Amino acid sequence: PPPASYFRRHYDNDPKKDASLIRVAVDPISNEIVSSVRIFRRRISSGGNDARSSNSIEACGIGEVCTHPNHRGQGLARILLHDAIRIMELLEGGGEVGEAGRDEITTVSCSLLHASPSLMAVYERSG
C-alpha cells in the first residue's frame, strides 16, 4: 500500500472529507490498520456554464482500497467493500452517515467505482 502520507494528503485536500466514511480493518495483535476502503462524496454535474444552469446529483465513489501484503488473501478488502456498499445504500435512502454538524445534502443518487482495468477482477470477485 502507499505510505500514510499519501492517504493523509488526499484526505486533507478533500473539500468533502469525512473520516466516518473511511472503513478500516485492524490487526488485533499489532493494533495497526492493515486494510482500508474510503468512500468519497462528490457532486456530479451534467454540464452547463454555471451551477444554476446545470443539473447535479450527489454521488459516492469507492477509492483508496488497499490491504497490507502480509494480510492479503483473508477477504479483508471484500469485507470493507461490502461495508462501504451498505453505507452508500443507506445514503441512497436518505440515511444519515457522517460527521455531526455537517451542513450538506446526505441523499446520494448514484455510486461510482473508478478502477484500473487490471484491478477489475478484484472488484468483480468482491461482488
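Values for this structure:
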read-out: Subset of region 3-20 [open to solvent by less than 70 Å² (accessible area, probe 1.4 Å) and of a type in the set (S, T, N, Q)]; value: Ser20
read-out: Criterion: in a loop (DSSP other than H, G, I, E, B) and at pLDDT 90 or above - qualifying residue of Asn70, Asn49, Asn31; value: Asn31
read-out: Residue satisfying all of: in region 93-106; more than 18 Å from Arg23 (Cα to Cα) and open to solvent by 60 Å² or more (accessible area, probe 1.4 Å); modelled with the lowest pLDDT among these; value: Gly101
read-out: Inter-residue pairs, beta-carbon under 8 Å, first without any contact (Cβ under 8 Å) to a residue 60 or more places away in the chain and in region 8-20, second acidic (Asp, Glu) and not in a helix (DSSP H, G or I), 6+ apart; value: His10/Glu64
read-out: Arg23 being under 19 Å from Phe7 (Cα atoms), open to solvent by 40 Å² or more (accessible area, probe 1.4 Å), at pLDDT below 90 and part of a strand (DSSP E or B); value: no
read-out: Region 66-80 residues that are farther than 12 Å from Ser126 by Cα and without any contact (Cβ under 8 Å) to a residue 12 or more places away in the chain, paired with ones that are open to solvent by 40 Å² or more (accessible area, probe 1.4 Å) and assigned to a strand (DSSP E or B) (beta carbon under 7 Å, 6 or more apart); value: none
read-out: Flag for Arg42 being modelled with pLDDT under 90, open to solvent by 70 Å² or more (accessible area, probe 1.4 Å) and within 11 Å of the chain's Cα centre (by Cα); value: yes
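The values are calculated or read from the model by the stated rules, or taken from the named source; none is laboratory data. In this text the structure is predicted, and so the values were computed from the model without any measurement. Because the Cβ atoms are built from the backbone with ideal geometry, glycine has one as well, and the counts that use them run over all protein chains shown. Side chains included, ligands, DNA and RNA excluded: accessible areas come from the protein's heavy atoms. Shrake-Rupley method; radii C 1.70, N 1.55, O 1.52, S 1.80 Å.
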